[in-house]
Amino acid sequence: MPLKFVRNDITAMDVDAIVNAANRSLLGGGGVDGAIHKAAGPRLLEECRKLGGCEVGEAKLTRGYDLPAHYVIHTVGPIWRGGEDGEEALLRACYRNSLSLAAKKRCKSVAFPLISSGAYGYPKQEAVRVAAEEIRAFLLAEKSGEMVVYLVFFGGEETEIGKTLYPDMESYIDDHYASLHRSSNRRAREWEAMYGAARAPYEFSSVDGFPAEAMAQPKSMAQPKSMAQPKTAAKRAASSVDDALKNLDEGFAVTLLKRIDASGMTDPECYTKANIDRKLFSKIKNKKGYRPSKQTVLAFCIALELPLSDTEDLLMRAGYALSPADKGDVIVRFFIEKKQFDIDKINICLLDHDQRLLGA
Ligand code: AR6
């Protein structure tokens with residue numbers, strides 16, 4: 001049921017069906033169409049010849065032949081003519097019709113390229129928005145809840161969604177992440193001058209608003225063995241540790257479930273919005289001591305539209321913190337501060353910056 005953004009050559013994807021951005025003849029062409037025909041071998045063209053072409057917005061299915069994918073769904077995107085020619089409705093129809101063909105064939109995994117966004121000139125970030133909206137709407141309505149849909153970005157393809165929709169994002173990253181690295185480099189140089197390169201520690205300066213715990217400690221601050229505590233003091237420390245353990249805060253799973261109840265969402269509404277599949281959610285809910293990944297925790301925070309302080313609390317309960325040393329964290333923090341909780345937009349910005357994506 002999740003929508004996943006990946007960078008890949010679609011012909012290499014081992015899924016039930018890949019979608020081809022074809023032309024109306026269905027007899028092959030350049031771009032992804034050419035790549036699919038080349039990888040599938042000549043039998044694909046033979047089958048395509050029997051299909052009698054395809055109208056814009058519609059979709060037809062063939063076998064995948066030499067491809068790892070079992071099927072190819074051929075759809076014909078609109079040519080971009082400035083946006084006043086019904087392009088968006090036609091592009092939406094491409095995704096809808098391809099997905100319903102895939103569902104009819106009981107496909108559990110489908111991969112799409114960014115239809116129309118190459119030779120047909122559809123502006124890339126608009127093409128991504130339409131694709132993500134249509135796929136998500138389909139997945140929300142899907143009865144079986146089993147399909148995984150990939151939106152495939154090719155090579156270094158960038159959507160620049162961050163730069164265009166959020167022009168202040170790059171300067172935010174620069175202020176919170178790049179400046180940190182600049183100052184850490186400066187500190188490293190100072191240490192090098194004093195102690196030589198071999199001893200220069202990995203040290204961060206404090207950065208506005210980020211908790212001190214998120215900062216790495218220089219190795220030189222670790223307590224030497226000779227400073228170990230005497231036995232009685234150790235005993236006292238042990239009993240106070242026991243006391244402290246008795247008063248442990250609620251763990252991640254309990255807090256998450258309470259927050260879902262408080263939000264008014266059902267569990268499936270929440271994990272779908274978080275781009276998490278049912279299996280993972282039930283692991284979190286039922287498996288005692290299960291520790292989800294940081295990206296999973298953040299996905300729930302975004303789905304629940306939590307403000308920064310609550311996000312930090314939920315992260316902490318799973319043993320994580322937002323770090324200024326992590327570009328992905330800085331990007332997520334930017335969206336939370338802006339109260340922008342669209343996980344697809346966040347993931348596309350993360351992908352543009354080569355960071356790990358939220359959710360499944
Ligand atoms: N894997 C994944 N995505 C790819 C691949 C690949 N191997 N190759 C290209 N893309 P385009 P369109 C991306 O031009 O705009 C053909 O000649 C590419 O970066 O393939 O719908 C047809 O026969 C872009 O994001 O398709 C039609 O005549 C996306 O696929 C016409 O082009 C779509 O680019 C269709 O044009």
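Structure notes:
- Length added when fully stretched, Glu337-Ala12, from 0.36 nm per residue minus Cα-Cα: 113.2 nm
- Simple label model, 7 Å out from Cα along Cβ direction - Lys258 to Ser240, nm: 2.7
- Sequence-distant residues sharing a close amide H with Gly28 (under 5 Å, placed H): Asn23
- Euclidean distance between Cα centres, the range 281-342 to the range 38-93, Å: 39
- Only Cα sites of the range 1-142 enter the Debye sum here, all with the same form factor; the resulting log10 I(q)/I(0) across q = 0.13, 0.20, 0.21 1/Å is -0.49, -1.24, -1.38, listed in q order.
- Rounded to whole numbers, the Karplus 3J(HN,Hα) couplings from phi for the range 75-80 are 10, 10, x, x, 7, 6 Hz, using 6.51 cos²θ - 1.76 cosθ + 1.60 with θ = phi - 60°, and x at Gly and Pro.
- Within the range 100-128: backbone nitrogen closer than 14 Å to the Glu142 label point (7 Å, Cα to C-beta): 100-112
- Radius of gyration and maximum dimension Dmax of the range 264-360, Cα, Å: 12.6, 36
- The loop-placed trypsin sites (Lys or Arg not before Pro) in the range 274-333, going by DSSP, that have at most 14 neighbouring Cβ atoms within 10 Å of their Cβ come out as Lys287, Lys288.
- Put simply, the amide H of Asn20, placed in the peptide plane, has neighbours under 5 Å in Ile73, His74, Thr75, leaving out anything fewer than 5 places away on its chain.
- Convex hull volume per residue in cubic angstrom - Cα atoms of the range 274-313: 69
- Hz values of 3J(HN,Hα) by residue in the range 30-39 - Karplus curve (6.51, -1.76, 1.60), Gly and Pro given as x: x, x, 5, 4, x, 5, 5, 4, 4, 6
- Stretch gain in nm, segment Asp66-Glu157, where the contour uses 0.36 nm per residue and the Cα spacing is subtracted: 30.2 nm
- Net +/- balance of residues flanking Val56 in space, Cβ distance below 10 Å, scoring K and R +1, D and E -1: -2
- All C-alpha to C-alpha distances of the range 297-349, sorted into 5 Å bins beginning at zero, yield P(r) values of 4, 22, 36, 26, 11, 1 percent in whole numbers.
- For the range 1-59, dividing the convex hull volume of the Cα atoms by the residue count gives 110 Å³ per residue.
- Reciprocal of mean inverse Cα separation for the range 24-104 (Kirkwood radius, Å): 13.2
- Loop-resident sites, the range 248-338, for chymotrypsin sites (Phe, Trp or Tyr not before Pro), counting at most 15 other Cβ within 10 Å (DSSP): Tyr290
- Of the trypsin sites (Lys or Arg not before Pro) in the range 76-168, those whose Cβ has at most 15 other Cβ within 10 Å and which sit in DSSP loop: Arg81, Lys105, Arg106, Lys108, Lys143
- Positive minus negative residues near Tyr120 (Lys, Arg vs Asp, Glu; Cβ under 14 Å): -2
- Computed extension gain for Ser293 through Asp267, at 0.36 nm per residue and net of the alpha carbon distance, reaches 7.5 nm.
Throughout, read-outs are computed from the coordinates displayed, never taken from laboratory work. For clarity, every value in this text was computed on a predicted model and none was experimentally measured. Methodologically, a virtual Cβ is constructed for each residue, glycine included, from the backbone with ideal geometry; neighbour enumeration extends over all protein chains shown.
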